[in-house]
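Participant: One structure coming up, written as structure tokens, with questions to follow.
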Amino acid sequence: MPVMHVRMDNRLIHGQILVSWNAEFKIHHIIVTNDQVAADPLQVTLLKAVAPIGATVSVLSIKDCVAYCNSPAADNENIFIIAKFPEDGLALVEEGLDMPVLNLGNQAYVRGSKKLSNTVYLTESGVKALKALHEKGIRITCRMMPPDPDSEYWPTVEKKLPEWAT
Amino acid sequence: MVGIVIVSHGDMADGLLDAAHMIVGEQEGLATVSLREMDAVEGLMERVATAIEKVDAGDGVLVLVDLFGASPFNASARLAMQGDSNMEVISGVSLPMLVELMVQREGESLEKLVQVALEAGTSGVRTLSQTLNRTTS
């Protein structure tokens, strides 16, 4: 399976990815996918510049990311997908990506979001996206680093933010 | 004088500056910024920009970050690439790099200090055995 891991992380490519996750998987290809980031030439340039040794970085729109992952070019690669928000995760699935697990990485505070932990704040729209993913049978996890438990995270969201999760 | 901002994960930046004070004493025109686990990159960019403004005396600013490609680097790099200020970003900050910059920065240009930082950072990493072999052979 070419897509090894799908992570929602506002910080995109950063220390945890380059050091911990890159040591866990033999990543060939990091695809950063978010429509706003893909349209920002400065961020695209910087993300490509920080590619770890032995891996390439692409910055693609959600649509282009799914098209690439479903193409023969992706067959022989270990792909690590990083999107920014849970809504991106839902968009990837709706666009046709086969994604059994969605991992929540850093989700920093944004206006209107509520705290689940020091590293995870979710908006109402983000929670609704996770709920839709959960109802499609996709497993939601919340692992900052590879050793973190890969337990099902949706019950935590339901318990902490029932006003948005139910 | 060229300003210096150190940006790191956790308390490393403050710790480095504290250690440097023990070796070269206190100096003006230095600031630190720490990334905390709850920070957004955009919020970090604002804090780095504020620190740059604070230490910039008109001769430019060196931003020293801990890890290439990590959030302190990314936030600083995005500011540098926006091109609003005369600055350079150097990753792999260490005590040898920092103290060498602190003793050499008076009257030196930003371009010269970039070379000083790269050389001090590189030459600060060596093994005891290599050093002993060189002096005894």
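Participant: Just to be sure, is B:Arg134 basic (Lys, Arg) and either within 14 Å of chain A (Cβ to nearest Cβ) or not in a helix (DSSP H, G or I) (or both)? Quick ask: steps written out before the conclusion?
Facilitator: On the way: basic (Lys, Arg): yes; either within 14 Å of chain A (Cβ to nearest Cβ) or not in a helix (DSSP H, G or I) (or both): no.
It is false that B:Arg134 is basic (Lys, Arg) and either within 14 Å of chain A (Cβ to nearest Cβ) or not in a helix (DSSP H, G or I) (or both).
Participant: Condition first: away from chain B (no Cβ under 14 Å), more than 18 Å from A:Glu158 (Cα to Cα) and touching a helix residue (DSSP H, G or I) at 6+ places or on another chain (Cβ under 9 Å). Now tell me which residues in region A:95-140 satisfy that.
Facilitator: A:Glu95, A:Gly96, A:Leu97, A:Asp98, A:Met99
Participant: Looking at A:Ile81, is it among the hydrophobic types (A, V, I, L, M, F, W, C), outside any helix (DSSP H, G or I) and either within 14 Å of another protein chain (Cβ to nearest Cβ) or surrounded by fewer than 23 Cβ atoms within 10 Å (Cβ to Cβ) (or both)?
Facilitator: In short, no.
Participant: Going residue by residue through region B:108-130, is there one that turns out to be more than 14 Å from every other protein chain (Cβ to nearest Cβ), touching a Pro at 6+ places or on another chain (Cβ under 6 Å) and either part of a strand (DSSP E or B) or of a type outside the set (Val, Ile, Thr) (or both)? Walk me through how you get there before you give the answer.
Facilitator: Let us first name the residues in region B:108-130 that are more than 14 Å from every other protein chain (Cβ to nearest Cβ), namely B:108-130.
Filter again for touching a Pro at 6+ places or on another chain (Cβ under 6 Å), leaving B:120, B:124.
Retained after the next criterion (residues that are either part of a strand (DSSP E or B) or of a type outside the set (Val, Ile, Thr) (or both)): B:120, B:124.
Checked against the condition, which is being more than 14 Å from every other protein chain (Cβ to nearest Cβ), touching a Pro at 6+ places or on another chain (Cβ under 6 Å) and either part of a strand (DSSP E or B) or of a type outside the set (Val, Ile, Thr) (or both), region B:108-130 yields at least one hit.
Read-outs: derived from the displayed coordinates by stated rules, not from any lab. Bear in mind that the values here come from a model prediction, so they are computed numbers and not experimental data. Note that we place each Cβ from the backbone using ideal geometry, even for glycine, and neighbour counts take in every protein chain shown.
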